[in-house]
Each structure stands twice: as structure tokens, then as C-alpha cells.
Amino acid sequence: MKVIHNFGQTVIQNKKQLFVSDVTKASHEKETSDCAPDLLSRLSALVVPYVLPPLLIFFPLSVEANINPALHPSQRLDDTQLMDQINNFLFAGSESSGIGICWCLNFLAKDVSIQNQLREEIRSVPSNLSPEEYSKRLDSLPYLDAVVKETLRLSSPVHSTIRAASQDDVIPLSDEITLKDGSKACEIRIRKGTYIHIPLEGFNIDTKVWGEDALLFK
């Protein structure tokens, strides 16, 4: 984690310096306008102070709103928030995909019939298509889509998440529950600031939603 943190700080500083250089040096204006900035460059724009109005032409309206001096500072991304985004890119963007692929191959290896049907569907797509067209055809395959979704249902790379309530609220329950004092309740009152754990993995194998065979890959 320390390596990732140090790497992220280096990337942030380099991107910020590059961004400032691009918007303050006239010799770089054409190169900047001709090339679409990468995602990290767009995020870096949010932490660099507003310098010159002309820099607005280099970014979409969504970024323009963030670097507008009229915008409250609390609505901009600071270095810490930018570091959080880098962590998401490095961990969620790579680890989750790798884990998902591994589980998909595992399920296919255990069920030859599903494996064969998926292979036939994929082979039905002509191999002489352009990469863009081939990708579009793969995205439209219904059985491949079903296999991917079923893999994510049973073995979601992100098994849970946490959210904080932004305001007081009341959550209705589908079934009545018994509290510690023995009383019954059909709703839960949530106070502002309360952290709520959302067990995605549990929802994905709930027999009340998916049936008694919820644990089967089908």
C-alpha cells in the first residue's frame, strides 16, 4: 500500500506540473488542444488554481465547472481525494477484473455444457472483423452476457460496500424483525452520519430473490 501511495503522489505532482506548463506556455497550446487529455489529467485540473480564462477551451464543461473561480472550494478535488481516485484505478480497475475473470473460468471449467455453448456463440462471430466491430459483436452476444452476469452475481469482486447517511431517514423492512429488547419492528431509523454496511454478496445469493437454487451457477 505504501508503494501505491508513493507512486500516486509522484503521478499527481507530475500531472499538476505538466498541466500548469501546458496552460502557461504558448508553445504548448496547439499540442494540448490537438490531444484529448487522459482521465488523470482531467482530475489534475481540479486541484490546480484557476489561472487564465483561455484554459477553459482545453476541458469539457464538467471540468470547466470545477475550475470556475465562482465554485466553492469544497466542491473541488484536493490532493487527498485525487489519491483516493488513483487507488480506485489501481485496485478496483485491475484487481476486480482479474478476480472476476478467474471466477468465470472456474465456473466454466466445472460445467462443460455451459462452456461448450459459450464457445459456439463466440465462434459464431467472424474473426476477420475490425477490432472495433468485433468488440461490438461480442458485446451483443446474449449467452456471453448471461455468463458474465451470473459470474458477478455468485462471485462479485466487490463483496460489500459502506455508505454514510447524509440525512436522517427511515428504511422500511420487507419482514418484521425482533429487536434486542424483544419488541417488534418493521422499519429501521437511521441517523445522519450513520455508516451503513451493504452486503452485496448476501443480496446476490438471497433465496427470497433468486430461488432455492441461488447458489448454483446457471
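Every number here is computed from the coordinates shown, using simple stated rules; none is lab data. Only a predicted model underlies this, so the values are computations on that prediction, with no experimental measurement involved. All Cβ positions, even for glycine, are placed from backbone atoms using ideal geometry, and neighbour counts span all protein chains on display.
What to note about this one:
- FRET efficiency, Asp111 to Leu141 (Cβ-Cβ, R0 22 Å, nearest 0.05): 0.80
- Listed values for the stretch 153-159 are Karplus-derived 3J(HN,Hα) couplings in whole Hz (6.51 cos²θ - 1.76 cosθ + 1.60, θ = phi - 60°), namely 5, 7, 9, 5, x, 9, 7, and x replaces Gly and Pro.
- Loop trypsin sites (Lys or Arg not before Pro), the stretch 185-215, which have at most 11 other Cβ atoms in a 10 Å radius of their Cβ (DSSP): Arg191, Lys192
- Total formal charge among the other residues, if their Cβ is under 14 angstrom from that of Gly193, Lys/Arg +1 and Asp/Glu -1: +2
- Estimated vicinal HN-Hα couplings, Hz - the stretch 168-181 in sequence order (Karplus 6.51, -1.76, 1.60; Gly, Pro = x): 4, 7, 10, 9, x, 10, 6, 10, 5, 10, 9, 7, 4, 7
- Extending 7 Å from the Cα toward the beta-carbon at both Leu216 and Val125 defines two label points whose distance is 2.9 nm.
- Altogether, the Stokes-Einstein calculation at 4 °C and 1.567 mPa s, with the Kirkwood radius of the stretch 98-196 over Cα pairs as Rh, returns a diffusion coefficient of 73 µm²/s.
- Listed residue pairs exceeding 32 Å between alpha carbons, taken from Lys136/Lys208; Lys110/Lys208; Lys149/Lys180; Lys149/Lys184; Lys180/Lys208: Lys136/Lys208; Lys149/Lys180; Lys149/Lys184
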